[in-house]
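As structure tokens, the structure follows; a few thoughts come after it.
The values are calculated or read from the model by the stated rules, or taken from the named source; none is laboratory data. As the structure is a prediction and not an experimental result, all values here were calculated from the model. With ideal geometry, Cβ positions are generated from the backbone for all residues, glycine too; neighbour counts draw on all protein chains shown. Please note that ligands, DNA and RNA were not included when accessible areas were found on the heavy atoms of the full protein model with its side chains. Shrake-Rupley method; radii C 1.70, N 1.55, O 1.52, S 1.80 Å.
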Amino acid sequence: MSYSDKIRNLYQGQLGDIRNAGIYKEERFIHSSQAADIEVEFPSGADIMNAINMCSNNYLGLSSHPEVIKAAHDGLERRGYGMSSVRFICGTQDIHRELENRVTEFLGTEDTILFPSCMDANAGVFEALLTSEDIMISDRLVHASIIDGMRLCSAQHDTFKHSNMEHLEEKLLLHADKRIKVVITDGVFSMDGDIARLDEMVKLCEKYDAMILVDDSHSTGFIGRTGRGTHELCDVVGKIDIITTTFGKALGGASGGCVSGRKEIVDMCRQKARPYLFSNTIAPVIVSGVLKVFEILSSSTERRDKLEKNTAYWRKGLKNAGFVLKEGESPIVPVMLFNAKLSQDFSKDLYNEGIYAIGFFFPVVPNGQARIRTQISAGHEIHHLDKALSAFIKVGDKYGILGLNKEQIVAKYGL
Ligand SMILES: *Cc1c(COP(=O)(O)O)cnc(C)c1O
């Protein structure tokens, strides 16, 4: 037996530490498909409850859309279940290339390459393009998958303070002598819902001869006038060298991701990106579903428009009720509670009111910045939002925080 008591005790001790720190993650079992109304079993073994989902990335309400499901069924019938191959051996179907072309057209780029996930896209893109002569300059709050991708790359690395353009310019000057400079940011930052200042970043990149990479996972499909993403919102379509994004959020929410951008960059990824070369191709059923998603999005802006209206309604309701929010325009609406335990108690009470929204605290967000992160969907109807709002007000009232500002909440509950 090689799994000795010593090793078992070691892990049990570490898991105990995680529990004692109050950061052990329990999963909640959903017994329905993903939608605004879900059936949840929590804790494991408890009665199944009906709840309104306020914390999914199903921004456009397409995860269980009948047309997407039908397209997936058709794809399953016509192209089979699995390909049992990576792309370059025998894992590329006509529909894989069709989807790449669709994404290219939608994002206004030159070419696109699919990956099993956006995590994989970020894991592969840096190492495929850069060497130790080059520098990656990233915003300090980029997503974990970008951090991991940069770790896998031999290029040098530096950071700039979150969305701080003066600091970015300092770093671009500091690294003026490097062969290739890449500025790296999320489009929408997932914890605060704030949007990168891409127009200013593009100007700096032009001035200092740097490339720019944007991970638009929390915006593709709905940010910008026609939902192209943050580059559309910031009026820099065609000027972002590399966009990475996911199909696992707004775009049907199954799985898959891509790198889209300059055609040589995409081709370099096809030749060299390890998660592309050594991990299985996206299943035909998912490719077929995502193709339908792009067809829906290209034919009408109805869903992103509804999402925008829902978000404005939700923000206004919470604000009028006296909650402290993180300001912003994205459908990520964080309700600030500051104290970690309060965020957990608040989330539990919401759940008992039939509202499913998770409390986030350190280390997922900075210490003293605990919150309930709500995420709005085009799948929500006004009655969902009204019911959720009543529950937030009831629970907010219970804890006596309505109308209090940050200092007052902190004085009452501590950090
Ligand atoms: C969700 C997310 C990812 C990961 O996407 P997957 O396709 O699920 O791997 C990558 N980057 C950002 C910014 C994300 O929010």
For residue 6, list the aspartates and glutamates whose Cα falls under 18 Å from its own Cα; do not include residues on the same chain fewer than 8 positions away.
-> 17
1.4 Å probe accessible area per residue over the chain, in Å² | 46
CD proxy, 222 nm, the chain: helix-only mean residue ellipticity via -39,500 (n - 2.57) per DSSP H run with n ≥ 4, per residue, nearest 500, stands at -13500 deg cm²/dmol
Helix 382-398 sits off the longest principal axis of the Cα atoms of the chain, rounded to the nearest 10 on a 0 to 90 degree scale, by 50
Total formal charge among the other residues, if their Cβ is under 13 angstrom from that of residue 200, Lys/Arg +1 and Asp/Glu -1 = -2
Tensor-based shape of the chain (alpha-carbon gyration tensor, a/c under 1.5 rounded, otherwise prolate or oblate) = rounded
Any idea what angle helix 302-321 forms with the longest principal axis of the chain, computed on alpha-carbon atoms, 0 to 90 degrees, nearest 10?
-> 40
Taking the alpha-carbon centre of each part, the distance from the stretch 1-47 to the stretch 81-100 in Å is 35
Report the residue, chosen from 261, 359, 45, that carries the largest GNM mean-square fluctuation when the chain is represented by alpha-carbon nodes joined by springs under 10 Å.
-> 45
Residue by residue through the stretch 172-178, which ³J(HN,Hα) values in whole Hz follow from phi under the Karplus form 6.51 cos²θ - 1.76 cosθ + 1.60 (θ = phi - 60°), with glycine and proline marked x?
-> 5, 5, 4, 9, 4, 7, 6
Amide H neighbours of residue 37 under 5 Å, counting only residues 5+ apart in sequence or on other chains, H built in-plane at 1.01 Å?
-> 53
In whole Å, what is the distance between the alpha-carbon centres of the stretch 195-210 and the stretch 102-116?
-> 22
Selection from 273, 299, 331 lying farthest towards where the dipole of the stretch 273-415 points positive, charges on Cβ = 273
Would you list which lysines come within 28 Å of residue 263, measuring only between C-alpha atoms, while excluding same-chain residues fewer than 8 positions from it?
-> 171, 178, 181, 203, 207, 239, 249, 272, 292
Residue 258's amide H: which non-local residues (gap 5+, or another chain) put their own amide H closer than 5 Å, with H modeled 1.01 Å from N in plane and none for Pro or chain starts?
-> 115, 245
So which trypsin sites (Lys or Arg not before Pro) in the stretch 190-269 end up in coil per DSSP with only 12 or fewer other C-beta atoms within 10 Å?
-> 225
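Report the Rg/Rh value for the stretch 125-278, based on alpha-carbon coordinates and the Kirkwood definition of Rh. Provide the component values of the computation, followed by the final result.
Numbers: Rg = 14.6 Å, Rh = 15.6 Å.
Here the Rg-to-Rh quotient is 0.94.
So for the chain, averaging the separation of alpha carbon pairs under 8 Å that are six or more residues apart and normalising by length, what relative contact order in percent results?
20
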Whole-Hz Karplus couplings 3J(HN,Hα) for the stretch 264-271, θ = phi - 60° and coefficients 6.51, -1.76, 1.60, Gly and Pro as x, run 5, 5, 4, 5, 4, 4, 5, 7
Return the lysines within reach of residue 398: Cα separation strictly under 30 angstrom, same-chain partners fewer than 8 residues apart disregarded; answer none if there are no such residues.
-> 25, 309, 316, 319, 326, 341, 348, 387, 406, 412
Ranked by GNM mean-square fluctuation in the chain (Cα springs under 10 Å), the top entry among 94, 158, 111 is 94
Report the chymotrypsin sites (Phe, Trp or Tyr not before Pro) located in the stretch 74-106 that are in a DSSP loop and have at most 16 other Cβ atoms inside 10 Å of their Cβ, or state none.
-> 81
With eigenvalues of the C-alpha gyration tensor scaled by 5 and rooted, the stretch 280-365, Å = 32, 20, 12
Loop-located trypsin sites (Lys or Arg not before Pro) in the stretch 138-168 whose Cβ has at most 13 other Cβ within 10 Å (DSSP) = 140
R0 = 25 Å: FRET efficiency of residue 237 with residue 299, Cβ-based, nearest 0.05?
-> 0.80
Got the relative contact order for the stretch 66-299 handy, in percent, Cα pairs under 8 Å and 6 or more residues apart?
-> 32
Subtracting the Cα-Cα distance from 0.36 nm times the residue separation, let me have the gained length for residue 133 to residue 226 in nm, one decimal.
-> 29.6 nm
Apply the Karplus parameterisation 6.51 cos²θ - 1.76 cosθ + 1.60, with θ equal to phi minus 60°, to every residue of the stretch 27-37 and state each ³J(HN,Hα) to the nearest whole Hz, in sequence, with x for glycine and proline.
-> 8, 9, 8, 9, 9, 10, 7, 6, 6, 5, 9
Between residue 200 and residue 170, what is the label-to-label distance in nm when each label sits 7 Å out along the Cα-to-Cβ direction?
-> 1.4
Say each of residue 110 and residue 27 gets a label point 7 Å from the Cα, pointing the same way as Cα to Cβ; how far apart are those two points in nm?
-> 4.2
